[in-house]
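Below: the structure, in structure tokens.
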């Protein structure tokens, strides 16, 4: 990649985020304008039928930090995993972060990520379940219980030793993205598990770091999605055992 490539790409998958996205963009763009390196922000329109794409285009016309919206060729909703994959592979940054449109994890956590890339990591992920993490606003007790039980299953089947696979704040080197993301097969909620399993299978070092996470009460992850994730984790397990990621 040429010297003109940005140091960092920020990818934000979005499905009908006209209401929540402006505050997230304000914080992300404010942070990036204070940094000494070049960056870009890509919002991936995952089949939105509200004003999300228009909002991004209007905002982009007034900014110093490059901001763009991209979409699937057919314009349909394909799932968060497909949106993240599309954004990560379309980005130009030497390092690429994806984060949630609801801003549940603030972009300022990047300050603690860079030293691990400097020491040889290719994947650094935010976690709610390691020492030093702070869950500022908790989910309901049954969601938290489902999450904890689900994570035990995920560790058993796919990524032992990773305490929190589902926080939507993960950053990768360009070489890791180019190798791992074309191999991904899961388009919806279980994609995080597959990313980490493929990173491990391909020999990339993954570092889990504590973050401050704020639950958003209007989360689009319903209880049924937990069962969908577990089905997709079983798929990842089968692929690992069959050597399909190596």
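Of the residues making up the stretch 92-119, those that are in contact with a helix residue (DSSP H, G or I) (Cβ under 8 Å, 6 or more places away or on another chain) and over 16 Å from residue 168 (Cβ atoms) number 3.
Where strands (runs of 3 or more DSSP E) fall entirely within the stretch 1-107, those with at least 3 residues that are touching a residue at least 40 places away in the same chain (Cβ under 8 Å) are at 8-14, 39-45, 95-99.
Out of everything in the stretch 203-224 that is at negative phi, at pLDDT 80 or above and in a loop (DSSP other than H, G, I, E, B), what residue ends up being surrounded by the most Cβ atoms within 10 Å (Cβ to Cβ)? The selected residue is 211.
Would you say residue 189 is buried (at least 17 other Cβ atoms within 10 Å of the Cβ), at pLDDT below 95, touching a strand residue (DSSP E or B) at 6+ places or on another chain (Cβ under 9 Å) and under 20 Å from residue 101 (Cα atoms)? For residue 189, the condition - buried (at least 17 other Cβ atoms within 10 Å of the Cβ), at pLDDT below 95, touching a strand residue (DSSP E or B) at 6+ places or on another chain (Cβ under 9 Å) and under 20 Å from residue 101 (Cα atoms) - is not met. Against the condition surrounded by fewer than 19 Cβ atoms within 10 Å (Cβ to Cβ), in contact with a strand residue (DSSP E or B) (Cβ under 9 Å, 6 or more places away or on another chain), in the same structural domain as residue 44 (by TED's automatic domain parsing) and at pLDDT 95 or above, how does residue 94 come out, does it pass? Yes, satisfied. What residue, among those in the stretch 153-167 that are in contact with a helix residue (DSSP H, G or I) (Cβ under 8 Å, 6 or more places away or on another chain) and more than 20 Å from residue 81 (Cβ to Cβ), is surrounded by the fewest Cβ atoms within 10 Å (Cβ to Cβ)? Only one residue fits best here, namely 161. Would you point out which residue out of 87, 75, 81, 47 is at positive phi and surrounded by 17 or more Cβ atoms within 10 Å (Cβ to Cβ)? Testing whether each residue is at positive phi and surrounded by 17 or more Cβ atoms within 10 Å (Cβ to Cβ) leaves just 47.
The values are calculated or read from the model by the stated rules, or taken from the named source; none is laboratory data. None of the values given here were measured: they were computed from a predicted structure. Because the Cβ atoms are built from the backbone with ideal geometry, glycine has one as well, and the counts that use them run over all protein chains shown.
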